[in-house]
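My questions will all concern the structure given below.
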Amino acid sequence: MKWANGHLKNDTPNASKPDFSVYNLSGSTKCVVLIAEFKHKEQNSYIESDLVKLAKQMKSTLNTLIINGVSQRKVCGIQCEGENVYAYTMDLPSPKLYRMASVSKIKLFKNLDQISLLPSVITHLLYLKTVASQTALKIETAVLSTYNNLKRPAPIPPLDWLSNGSVTVSRIPKNQKK
């Protein structure tokens, strides 16, 4: 686990830093499996939203896993805004199509009167733990295969499926929607 003092990629000078990340360290290979962004409810981001920042970080992490030969991988993401926690997973089902799925929305409790929300919170976090653990196991398999064969396994899907370019998110104004 790592807090906000480290970059996802060391070779990129302007790489974004997640607020929190969980990674698998196998031998000398460090692979991130979960990324989290935290923000106070009243704090707004004028440059890009935390959701866009989280999606970009998840995409970069997914690309790294594919390059390292990890098969059937998913990356987990958590966005926390005040008392609301949103959980996401991302995979790559077809060429250059990064699918970010909303897994759950959890409301954290502030008072002891709301303790009945605790089972829901634990259930959703355990689901993310399961997805992250499955990806970590696949990372271990890929790393062991690399050590046994002295070469990295072929990326599945092929590298031409990856998109390394930046993306622009735009929204159609309400008066133009029909």
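Looking only at region 53-85, filter to residues that are charged (D, E, K, R) and touching a residue at least 60 places away in the same chain (Cβ under 8 Å); which one of those is surrounded by the most Cβ atoms within 10 Å (Cβ to Cβ)?
Once the filter is applied, the top-ranked residue is R73.
Do we have I67 as farther than 27 Å from A142 by Cα and either of a type outside the set (S, T, Y) or modelled with pLDDT of 90 or more (or both) here?
No; evaluated as a whole, the condition is false for this residue.
Let me ask something else. Select from region 26-52 the residues that are modelled with pLDDT under 80 and surrounded by 12 or more Cβ atoms within 10 Å (Cβ to Cβ) and write down the one among them that is nearest to N164 (Cα to Cα).
Selected residue: E48.
Confirm whether T130 is closer than 14 Å to K74 by Cα, out of contact with any Cys (no Cβ under 6 Å at 6 or more places or on another chain) and exposed (fewer than 12 other Cβ atoms within 10 Å of the Cβ).
When the stated conditions are applied, T130 passes them.
Checking Y23 against (1) farther than 24 Å from F109 by Cβ; (2) surrounded by fewer than 17 Cβ atoms within 10 Å (Cβ to Cβ); (3) modelled with pLDDT of 90 or more; (4) among the aromatic types (F, W, Y), which single condition isn't satisfied?
(2)
Please verify whether I106 is of a type in the set (A, V, I, L, M, F, W, C) and touching a His at 6+ places or on another chain (Cβ under 9 Å), treating the condition exactly as stated.
Answer is yes for this residue.
Working only within region 157-178, note down all residues that are modelled with pLDDT of 80 or more and either of a type in the set (A, V, I, L, M) or not in a helix (DSSP H, G or I) (or both).
P157, P158, L159, L162, S163
The values are calculated or read from the model by the stated rules, or taken from the named source; none is laboratory data. Note that this is a predicted model, so its numbers are computed, not measured. As a convention, Cβ positions derive from the backbone with ideal geometry for all residues, glycine included, and neighbour counts pool all protein chains shown.
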